[in-house]
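What follows is a set of notes on a single structure, which appears directly below.
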Amino acid sequence: MATFTVTRNAFVSAPAAAIFPLVNDFHEWTKWSPWEAVDPNMQRNYSGNESGVGAKYAWSGNGRAGSGTMEIVGSAEPSQIDIRLEFTKPMKAVNPTGFTFAPEGEGTRVTWTMTGENKTFMSKVFALVMNMDKLVGKDFEKGLASLGAEATKRQA
């Protein structure tokens, strides 16, 4: 498999304007990201803009957390955020990632998508034995649930 896409969506009982800032500012990710609890000693570094386009986040953690960087490369409030996600450990990869926020009834449909390519020999071998959707999908579901809970809590 040369390319892959992992996508999950969830209904959040809050307006997009309440959810969008939780994704558009990497400082807020500690409140909802499914990977924040993987390594309690994970080191984080924030740079660039505080939020929106140009905001940057780098992490370095244990073997499960790995290391890498994220940069917001597109931000259209309150409907879409595009992120350049680059893993440096355990395997090098660049995975474009995006969030969309669409009004639905009394809330918002939040969709989280990550794409990637298996370019190297090791990533192609990895793709033969591991399905990225199964590997990451549950984390996306957990993250969307936490994101929804945080946004709903702020509305109360």
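Read-outs throughout are calculated quantities, based only on the coordinates presented, and are distinct from any laboratory measurement. Just so we're clear, the structure is a prediction, and the values are computed from it rather than from any experiment. Positions of Cβ are backbone-derived with ideal geometry, glycine not excepted, and every protein chain shown enters the neighbour counts.
Here are the numbers:
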read-out	value
Distance (nanometres) between label positions extended 7 Å along Cα→Cβ at ARG84 and GLU50	2.4
Along the chain, longest interval not containing exposed GluC sites (Glu not before Pro), exposed being DSSP loop plus at most 13 other Cβ atoms within 10 Å	51-105
Furthest towards positive pole of dipole, ALA16, GLY74, MET132, structure part the chain, Cβ charges	MET132
Value in Å of the Kirkwood radius, where the chain supplies the Cα pairs that are averaged	16.0
Vicinal HN-Hα couplings computed from phi for the stretch 51-68 (Karplus, 6.51 cos²θ - 1.76 cosθ + 1.60; Hz; Gly/Pro x)	7, x, 4, x, 6, 10, 9, 10, 9, 8, x, 5, x, 6, 6, x, 8, x
